[in-house]
Amino acid sequence: MTSSAAYEILGLTPKADKKAIKKRYRYLMHHVHPDSGAFKAASVKSYDYRYSAQEINAAYSFLYKNDNFKLQENIKNTGTAKYTEKNSKYSHNNSSDDAASNNSSDFNYSPKNKTIWKAETNPNAYTERNIYHYTEDSDGNVFGAFVIATGKYIWNHNEDFPLFLKSMFDVSKWLLDGVEGTKQHLVSDSVRLKFQADLTYLLSQQFIHFSAALHDLLKPISDEQADIFYIESMLELDPHPPVVRAGMTLYPTYLKNHRLFVKTKSGKEAGYISFKDDRLYYLIIPLLEQKRAQVKIEISKEQDRLNTRGQNKYKNIDFMIKLLPKPDKYFPENINTRIDELLQNFTKI
């Protein structure tokens, strides 16, 4: 995309400054995008615009990312731009301006006027999935998400993780809908939800490059030990826990409901591990289920004295995980077999 094309899509002249560009982008997305509340508001009439929401988003992203183009902050608005828009967010920790700068490189504007998502793919994945993008209203509030690409794309840190889970949940719903259409009766909501959660968990494993994801989210303990990571974690104590002291080693016992349960050296149940970053549940637990990692768990020396009072009974722990060498990037194709089995079981209900 050229800067002249970007300006044309937004309906601006090259004299438009940063504020004018953001105003125009906000206005267009608020009126053009089908998820916008503007379509439901009687006081705002929707109108046909010759460029799509994807094209508008790509043009806006281009103007913030192109190193050869510098916004002229001191030039006054020309009058052609009268509205505002903040760039859509991928990360909850980024400001809108930072997101525009850091994430726009993940969009390519093709000659066919389609937004293409830059990411590695897993050709052996069970099915394709959607990549979603947040959109904000004129007040900076998220009012929806729309599809910017479809394919067997691997998750990376530029894709907001809640939107990644939405993608997985939507795929699982679509698969179950197809199976349920062949059944003689409908499945109860509670049973269906359980199948959908299990299916979402399996599907997510095919769209995460686990080694790359760990390196994105965590830092190895050293350059020499690039396959070992330290993770901030807690031990959620058993209702009747044994005595645990700083420096004590804990040992994995079993995995249940996507949780890792541990015991003391004497074999007493101590509780289960919880992570401060929810994304790690979709990395660490599958790695352990597939026996592709080893862990070392110790009670931390630094503890909050209030941890064991009232209902909040937990201990800070030092959790180390080491990735085992594997020739394949993704989990073995038996995930596809497990997905097939789960869908077959759903048909038998």
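The values are calculated or read from the model by the stated rules, or taken from the named source; none is laboratory data. Owing to the predicted nature of the structure, the values given are computational and were not obtained by experimental measurement. Note that we place each Cβ from the backbone using ideal geometry, even for glycine, and neighbour counts take in every protein chain shown. For accessibility, only protein heavy atoms count, side chains too; no ligands or nucleic acids. Shrake-Rupley method; radii C 1.70, N 1.55, O 1.52, S 1.80 Å.
Given their separation in residues at 0.36 nm each and the Cα-Cα distance between them, N257 and L186 gain 23.0 nm when the chain is fully extended. Calculate the FRET efficiency for D227 and S266 from the Cβ-Cβ distance with a Förster distance of 25 Å, rounded to the nearest 0.05. For D227 and S266, the calculated efficiency is 0.20.
A dipole drawn for the range 163-320 from +1 and -1 charges on Cβ atoms has a positive end, and of F195, L288, M234 the residue lying farthest that way is M234.
Quick check on the range 149-300: take the gyration tensor over C-alpha atoms, sort the square-rooted eigenvalues as a ≥ b ≥ c, and tell me if it's rounded (a/c under 1.5), prolate or oblate. Oblate. When the surface is traced with a 1.4 Å probe over the full set of protein chains, E232 keeps roughly 110 Å² accessible.
For the range 200-268, just say rounded, prolate or oblate: build the C-alpha gyration tensor, square-root its eigenvalues into a ≥ b ≥ c, call rounded for a/c under 1.5, and beyond that prolate if a/b exceeds b/c, oblate if not. Oblate shape, in that a/c is at least 1.5 and b/c is the bigger or equal ratio. Between A197 and K276, the modelled labels are 2.6 nm apart [label points 7 Å from Cα along Cα→Cβ]. Between amide H atoms placed 1.01 Å from N, distances below 5 Å from G144 occur with T135, all of them 5 or more places distant or on a separate chain.
When the Cα gyration tensor is reduced to axis lengths a ≥ b ≥ c, the ratio a/c is 1.5 or higher for the range 249-292, and with a/b above b/c it is classed as prolate. For the range 145-227, GluC sites (Glu not before Pro) are listed when DSSP marks them as loop and at most 13 other Cβ atoms sit within 10 Å of their Cβ; the list is E224. Of the whole protein surface, T264 contributes about 10 Å² of accessible area at a 1.4 Å probe radius.
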